[in-house]
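Asks: Structure provided below as C-alpha cells; questions to follow.
The values are calculated or read from the model by the stated rules, or taken from the named source; none is laboratory data. This is a predicted model, so every value here is computed, not measured. Backbone-built Cβ (ideal geometry, glycine too); neighbour counts: all protein chains shown.
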Amino acid sequence: MRKFLSLLILFFLFSEIHSQAPKKLSASEIFHEIQQLNFLGSVLYLAAHPDDENTRLISYLSNEKNARTAYLSLTRGDGGQNLIGSQIREELGVIRTQELLAARRIDGGQQFFTRANDFGYSKTPGETLEIWNKEEVLSDVVWVIRKFKPDVIINRFDHRTPGTTHGHHTSSAILSVEAFELADDKDVFPDQLKFTKTHQPQRLFFNTSPWFYGSQEAFEEASKQNLLKFDTGVYFPLKGLSNPEIAALSRSQHRSQGFGSTGSRGVQEEYLELIKGEMPEGKEDIFEGINTSWSRIEGGAEIGEILNAVKDNFNFTNPAASLPRLIAAYRLIKELKNEHWREIKSEEIKNIIAASAGLYLEAVAGTSAAIPSEEIPVRFEAINRSDFAITLQKVELSPNNSSLEPAVTLKNNNGWSEELVLKIPEDSKATSPYWLNEEGSTGMYKVENRQLIGLPETPASTKATFYLDFNGTEIPFSKEVIYKYNDNVYGETYRSFEIIPPVSVEFEENVIIFASAQKRQISAKIVSGKENLQGTLALDLGEGWKIESVTRNFSIAQKGGSVTLNFSITPPVDESETYIIPKAEVEGKIYSEKTVHIDYEHIPYQTLVLPSKLKVAKLNINKKGQQIGYIEGAGDVVPESLEQIGYKVTRISPAGISEASLKRFDAVVVGIRAYNIVEELRYKQAALLNYVKNGGNLIVQYNTNRGLKIDNIAPYNLELSRDRVTEEEAEVNFLAEDHSLLNYPNKITTGDFENWVQERGLYFPNAWAPEFTPVLSMNDKGETPKDGSLLVAKYGQGYYIYTGISFFRQFPAGVPGAYKLFANMISIGN
C-alpha cells in the first residue's frame, strides 16, 4: 500500500509539472504548510550553476526543519552541454532555469539567480570574476541576501581552494563570504536600500564532505572540531517518502545534464563547516541559538499561540475546521510592523486558508496568446468546498482593471463562473525571459530593472484578483491568468497566457554556409499574432552580398497562420561573413524578432522572443567524399552543419549498425557523448571498428571518462581525461604540419582558429598508444600544452579519428575554420 501511495504521489507530481496545473494541497500537505507557517527561520544555499545544489540538504531544511530555504545559483547554466536536445547557450539557460524550478517544487525550496552568464568552463576564480564583472555579481548576491534575509548561509564550495575546481564554483563561495558582512553595511550598494533594508546573517557554513578531502580515509582523519554533523536520511510518514528519496526526485529534474538519481533510505550524514558566526553548542542544529518562533518579532507571540492551537487541533478529515483560528491569525499578521515577515507570512497563511476551505479560483483566457491592444475573453471560476461562510465580493483584472462585483455567497460545492474582457495595453512587452530582453556581455546579462534581478523568471503581467469575505474578513487572492485545453494524452493541460508580437520572423536555419559562389535560396517564415496581417518584409545584409527582390509583400488571414518567403542570395567571390537581419513592417512599425518555443515534458512550456538574425558565410571549402553516416549522441547540430556544406548525411540508428550497413559511407561520425549515453553502442563497437579496419573513416567526438558504456573506445589504447582548453583564443600549434588533416583538401592555417566561441575543446585524451598521431597542441595561459585535442590512427585499411574539439559549439556560431578542419577529417583516405 505504501508503495502504491508513493507512486500515486509521483503520478500527480509529474502530471502537474507537465501541465502547469494549479497546485491543490491534500490535508497532509496543508498540515505541513501550517508547520512551516509557524517557523520563522531562513536558509540560503549558494553555488554557481543549476545542479550544483545539494537537494538532500535543501529538502531536509524545508521539510524536516520547516525553514524557508532557497537556492541562489549565480548562473543559469547557459554554458553547459544539453543531453536532451540541440538547444545551447541562452535557450539552454532557460531550460536549466525551469529544471531548477521543477526541482524546487519537489524539495520545497525557493530559487534565485544573479545576472552572471555561464560563459563556459573556467579554471580560476580570477578569470571568472574578471569576465563576470565581480562588482555587479557581488551586488546581486548582496541584493538577494537583503531581500531573502537568511539567518544562515550555506556555501556549496570552499572559498579557500582556488584552482582545484571550476572557477565558477570557487567564485560563488568567494562572493558569498564577502557578501556575508557587506549586506549589513548601508554604505555598500546604497541604491538597493530604496527597495529593501540591510541584513546581517548570523552564520555562514561550507557544506563539506569526504569528496572535498580527497578520500573517505582523509576525511575520517581530519579534525571535526569546526563541523556540524546531522542525519538527513529522515523518513516523512505524511509523504510516504524518505528525505533522500525526495532529494533524488528533485535532482532528477536536471535532465538536460543527465542527473537522473536513484533514491536511498537510511542514515545520510551531512557536514557543515563554520566559516563565520558562532558555532551552535550542540553541533547538530544550524538554528540553535536563533529564535525561530513567532516571538522573534513584535506582535508575534499571540499569532504563535493561535497557530500552535491550529497545529495541535488540526482535523485531517476536515481542514476547514481550522478556518476561524487561521483567519484570526491572518488579521493579526496584517497588523505586524515587521514588513519582511508580514509580507511572507501573509501569503503563506492565505494559501493555507484557501486550501483549508477547498477553495478553487481560476482565470482562464480564451486564447493562449494575445498581442498588444487585443481584447480577449477571460472566464473566472470560484468554488468553495467547505461549509464556511465565504462571499465573493469582487473580481478585478489587471493590467486594465476591468472588474465584476458579483457579491455572491459561495455555498459548499456550488461553483460560480463569469466572463470579462481583458484588453492588453498597447505598450505591453512580449512575454519572454527578462534577462534576455537586452543584449548583455560574455559574462553578464543586462537587466536594468532592479526589482527583477534575482527572480527566476519574468513575473506574470496579467492577473486576476478575487476579493473574498470570510465572515467579515476580506482577503484578496491573486491568480495568474492562464490558458488551458484538453490534450488527448494528458487531458486537462495548462499553459501560461502570453503576450506575443503581432509578427514573428524566423529563418529556417541559424547559419548558412555557402561552399561556392553560386546563389542559394533562403527562407524566412512569418508567423502572424493577429488576424488579417499585412505588411512587407525586407532583408538587411552585408556589403558584397546580393539579394533578389529585397522587399516582399505578405498577407496572412488567420491568427497563428504563417507564410514562407524565399529569397535568392548570391555571396561574394572571396570568403566573407555577415548577418542577415529581417525587417517586417506592419502598420508603420518595424519588427525584427522571432518567437522561439521550448517544449519538454518535465518543464512548463516556454516562449522566448529573441532578435532574429541569420549568419551567412562564404567559405572557399573543398571536400572529398559525399556520404556521411551520423550516430547521434547528446543533442547537437553537427549533422545539419555538415549538410550545409554539401554532404549527404544519414542518421544511423544504433540498432541498425552492422558491417554491411556501414560500407556505403565515406565517413561515419559519432555524436558528442554517444559512448556515455547510448547503451546499444556497447554491442556495436566491434562493427564500427571493423568498418575502419576494412577501409572506413570513423570520427569520434568527445566523451567523458565517467560513465562510458564500453571499455575499448578506440582500436588502440586511448585514455580520456578532464583536460580542456577553455580560452577560445588560445594559441594553436601544429604538431604534424605535413599531415593530411592540416593540408588536404583544405590548407589549415592558424587563421582558421580565429573567432572561435566559448572554448577550444574539452575532455581531451591525455594518454594514447603510439599508433596515434597528435595533430594539434594548445593550452590555456599558464598551463602545459595539451596535445590530445585531435588524434588520428591508421587501423587496417582505414582511419580512426578522436577529437575533443568543440565543433558542436563552433558550427552553430558559423566558425569557418571549424568547417574546413572537419571537412579534412571526413576527407582523409578519400
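Asks: From the list Glu362, Glu347, Glu284, exactly one residue is over 18 Å from Glu33 (Cβ atoms) and at pLDDT 95 or above. Which is it?
Replies: That would be Glu362, the only listed residue that is over 18 Å from Glu33 (Cβ atoms) and at pLDDT 95 or above.
Asks: For region 604-697, please list each of the strands (runs of 3 or more DSSP E) lying entirely inside it that holds at least 2 residues being in contact with a Phe, Trp or Tyr (Cβ under 6 Å, 6 or more places away or on another chain) and closer than 27 Å to Ala793 by Cβ.
Replies: 627-631, 648-651
Asks: From Ile590, Ile581, Ile556, Ile631, grab the single residue that is in contact with a strand residue (DSSP E or B) (Cβ under 9 Å, 6 or more places away or on another chain) and in the same structural domain as Ile657 (by TED's automatic domain parsing).
Replies: Only one candidate qualifies: Ile631.
Asks: Out of Leu249, Leu175, Leu228, Leu238, which single residue is outside the structural domain of Gly635 (by TED's automatic domain parsing), of a type outside the set (Gly, Ala, Ser), outside any helix (DSSP H, G or I) and touching a residue at least 60 places away in the same chain (Cβ under 8 Å)?
Replies: Result: Leu238 is the single residue among Leu249, Leu175, Leu228, Leu238 that is outside the structural domain of Gly635 (by TED's automatic domain parsing), of a type outside the set (Gly, Ala, Ser), outside any helix (DSSP H, G or I) and touching a residue at least 60 places away in the same chain (Cβ under 8 Å).
Asks: Let me ask something else about it. For region 438-475, give me each residue that is of a type in the set (A, V, I, L, M, F, W, C) and over 30 Å from Leu129 (Cβ atoms).
Replies: Ala460, Ala464, Phe466, Leu468, Phe470, Ile475
Asks: Checking the conditions here, which among Ala584, Ala517, Ala524 is in contact (Cβ under 8 Å) with a residue 12 or more places away in the chain, surrounded by fewer than 16 Cβ atoms within 10 Å (Cβ to Cβ), of a type in the set (A, V, I, L, M, F, W, C) and out of contact with any His (no Cβ under 9 Å at 6 or more places or on another chain)?
Replies: Ala517
Asks: I've got another one for you. Would you pick out the residues in region 682-701 that are buried (at least 23 other Cβ atoms within 10 Å of the Cβ) and among the small types (Gly, Ala, Ser)?
Replies: Gly696
Asks: What are the residues in region 175-226 that are small (Gly, Ala, Ser) and touching a helix residue (DSSP H, G or I) at 6+ places or on another chain (Cβ under 8 Å), if any?
Replies: Selection gives Ser176, Ala179, Ala183, Ser209, Ala218, Ala222.
Asks: Here's a follow-up. Kindly provide the set of residues from region 780-792 that are touching an Asp or Glu at 6+ places or on another chain (Cβ under 8 Å) and not in a strand (DSSP E or B), ordered by number.
Replies: Going through region 780-792, the residues touching an Asp or Glu at 6+ places or on another chain (Cβ under 8 Å) turn out to be 780-781, 786, 788.
Once the filter is applied, which keeps residues that are touching an Asp or Glu at 6+ places or on another chain (Cβ under 8 Å) and not in a strand (DSSP E or B), region 780-792 yields Asp780, Lys781, Gly788.
Asks: Of the conditions (1) over 30 Å from Ile590 (Cβ atoms); (2) touching a residue at least 24 places away in the same chain (Cβ under 8 Å); (3) not in a helix (DSSP H, G or I), Asp711 satisfies every one except a single condition; which number is it?
Replies: Asp711 satisfies every listed condition except (2).
Asks: When Ala321 is evaluated against the numbered criteria (1) within 21 Å of Leu61 (Cα to Cα); (2) surrounded by fewer than 19 Cβ atoms within 10 Å (Cβ to Cβ), which criterion, by number, is the only one it fails?
Replies: Status for Ala321: all satisfied but (1).
Asks: Further, regarding this structure: Would you be able to tell me the number of residues in region 497-542 that are assigned by TED's automatic domain parsing to the domain that holds Thr578 and of a type in the set (Phe, Trp, Tyr)?
Replies: Total satisfying the criteria: 2.
Asks: Among the candidates Gly126, Gly80, Gly163, single out the residue that is in a loop (DSSP other than H, G, I, E, B), closer than 23 Å to Gly440 by Cβ and touching a residue at least 40 places away in the same chain (Cβ under 8 Å).
Replies: From the options Gly126, Gly80, Gly163, the qualifying one is Gly80.
Asks: Mind listing just one residue for me: the one in region 744-768 that is hydroxyl-bearing (Ser, Thr, Tyr) and part of a loop (DSSP other than H, G, I, E, B) and, of those, surrounded by the fewest Cβ atoms within 10 Å (Cβ to Cβ)?
Replies: For region 744-768, the residue satisfying everything is Thr749.
Asks: Go through Ile657, Ile652 for me and flag whichever is touching a residue at least 12 places away in the same chain (Cβ under 8 Å) and in contact with a Gly (Cβ under 7 Å, 6 or more places away or on another chain).
Replies: Exactly one residue qualifies, and that residue is Ile652.
Asks: What is the residue count in region 404-433 for residues that are surrounded by fewer than 18 Cβ atoms within 10 Å (Cβ to Cβ), in contact with a Leu (Cβ under 7 Å, 6 or more places away or on another chain) and not aliphatic (A, V, I, L, M)?
Replies: 3
Asks: Would you check if Lys786 is out of contact with any helix residue (DSSP H, G or I) (no Cβ under 8 Å at 6 or more places or on another chain), assigned by TED's automatic domain parsing to the domain that holds Arg706, surrounded by fewer than 16 Cβ atoms within 10 Å (Cβ to Cβ) and basic (Lys, Arg)? Quick ask: steps written out before the conclusion?
Replies: Values: out of contact with any helix residue (DSSP H, G or I) (no Cβ under 8 Å at 6 or more places or on another chain): yes; assigned by TED's automatic domain parsing to the domain that holds Arg706: yes; surrounded by fewer than 16 Cβ atoms within 10 Å (Cβ to Cβ): no; basic (Lys, Arg): yes.
So Lys786 does not fit the description; no.
Asks: Next question. Going through region 711-735 one residue at a time, which ones are surrounded by fewer than 16 Cβ atoms within 10 Å (Cβ to Cβ), of a type outside the set (Phe, Trp, Tyr) and farther than 30 Å from Glu127 by Cα?
Replies: Within region 711-735, Asp711, Asn712, Asn717 meet the criteria.
Asks: While we're here: Going by the conditions given, is Phe388 modelled with pLDDT of 95 or more, of a type outside the set (A, V, I, L, M), part of a loop (DSSP other than H, G, I, E, B) and buried (at least 16 other Cβ atoms within 10 Å of the Cβ)?
Replies: Yes; evaluated as a whole, the condition is true for this residue.
Asks: Within region 481-514, which residues are in contact with a Ser or Thr (Cβ under 7 Å, 6 or more places away or on another chain), surrounded by fewer than 20 Cβ atoms within 10 Å (Cβ to Cβ) and acidic (Asp, Glu)?
Replies: If the condition is that a residue be in contact with a Ser or Thr (Cβ under 7 Å, 6 or more places away or on another chain), surrounded by fewer than 20 Cβ atoms within 10 Å (Cβ to Cβ) and acidic (Asp, Glu), then Asp487, Glu492, Glu508 are the ones that fit.
Asks: Also, I was wondering about something else. What do you reckon, is Ile621 over 30 Å from Thr551 (Cα atoms), of a type in the set (Val, Ile, Thr) and in contact (Cβ under 8 Å) with a residue 12 or more places away in the chain?
Replies: Spelling it out, Ile621 is indeed over 30 Å from Thr551 (Cα atoms), of a type in the set (Val, Ile, Thr) and in contact (Cβ under 8 Å) with a residue 12 or more places away in the chain.
Asks: Can you tell me how many residues within region 242-270 are among the hydroxyl-bearing types (Ser, Thr, Tyr) and at pLDDT 95 or above? Write out each step before concluding.
Replies: Of the residues in region 242-270, the ones among the hydroxyl-bearing types (Ser, Thr, Tyr) are 242, 250, 252, 256, 261-262, 264.
Remaining after also requiring at pLDDT 95 or above: 242, 250, 252.
Matching residues across region 242-270 total 3.
Asks: Being of a type in the set (A, V, I, L, M) and assigned to a strand (DSSP E or B), is that true of even one residue in region 113-122? Reasoning before the result, please.
Replies: Quick first cut of region 113-122, residues of a type in the set (A, V, I, L, M) only: 116.
Then keep just the ones that are assigned to a strand (DSSP E or B); that gives 116.
Checked against the condition, which is being of a type in the set (A, V, I, L, M) and assigned to a strand (DSSP E or B), region 113-122 yields at least one hit.
Asks: Looking only at residues in region 769-782 that are aliphatic (A, V, I, L, M) and surrounded by 15 or more Cβ atoms within 10 Å (Cβ to Cβ), which one is nearest to Gly80 (Cα to Cα)?
Replies: This residue is Met778.
Asks: Here's something else I'd like to know. Taking into account only those residues within region 181-211 that are modelled with pLDDT under 95 and part of a helix (DSSP H, G or I), which is surrounded by the fewest Cβ atoms within 10 Å (Cβ to Cβ)?
Replies: Ranking the candidates gives Trp211 first.
Here is a yes/no grid of residues against (1) over 30 Å from Phe112 (Cβ atoms); (2) assigned to a loop (DSSP other than H, G, I, E, B); (3) not basic (Lys, Arg):
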| position | (1), (2), (3) |
| --- | --- |
| Ser417 | yes, no, yes |
| Ser428 | no, yes, yes |
| Lys446 | no, yes, no |
| Phe466 | no, no, yes |
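Asks: Which of the residues belonging to region 445-467 are in contact with a helix residue (DSSP H, G or I) (Cβ under 9 Å, 6 or more places away or on another chain), in contact (Cβ under 8 Å) with a residue 60 or more places away in the chain and among the hydrophobic types (A, V, I, L, M, F, W, C)?
Replies: Passing the criteria: Val447, Ile453, Leu455.
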